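Comments concern the structure below.
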Amino acid sequence: AGEHRRSITGEWKRPTGLCLVKDRLYLVEASDEEVDEEGELLYPLQGRRIFVMSLQGDTLQVYKNPVEGQFFSDVLCCFDGKLLAPVRDENSVFLVGVVALAGA
């Protein structure tokens, strides 16, 4: 009917992709290139995390890309029971790989 049902809030910044699989929401955030005076990223984990949430918006788990300098793309999809998340390098807009998270 187009009526507002709920808002989802959390510790993420700049959400850019959302995927619904079964009874879970998967949210990926955009990376942020904002740096301090020394050239260090202000939010180094931003763009390297995928949040797993209940349908009510409660954070259940957070997947972190373990590779420094690689960020998740804004597209998520589910295939063969796995959540697929394209990965790009910090110095490029081109994809360098795809991470498959089992259990989706």
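Throughout, read-outs are computed from the coordinates displayed, never taken from laboratory work. What you see is a predicted model, and the numbers here were worked out from it, not measured in a lab. Cβ: placed from backbone, ideal geometry, glycine included. Neighbour counts: every protein chain shown.
Tabulated data
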item	result
Computed magnitude of the charge dipole of region 27-76 (debye, nearest 20; Cβ of K, R +1, Cβ of D, E -1)	500 debye
Net charge of neighbours whose Cβ lies under 15 Å from the Cβ of residue 70, counting Lys and Arg as +1 and Asp and Glu as -1	-3
Debye, to nearest 20: dipole size of the chain, +1 on Lys, Arg Cβ, -1 on Asp, Glu Cβ	780 debye
Binned Cα-Cα distance frequencies in the chain - 5 Å width, integer %	2, 12, 22, 24, 17, 11, 6, 3, 1, 0, 0
Residue-span extension gain [residue 36 to residue 96] - 0.36 nm each, minus C-alpha spacing	18.9 nm
Whole-Å distance, taken between Cα centres, linking region 49-79 and region 13-37	7 Å
By average C-beta atoms within 10 angstrom, highest first, the peptides 92-101, 9-18, 65-74	65-74, 9-18, 92-101
Positive dipole terminus of the chain, leading residue within 41, 56, 98 (C-beta point charges)	56
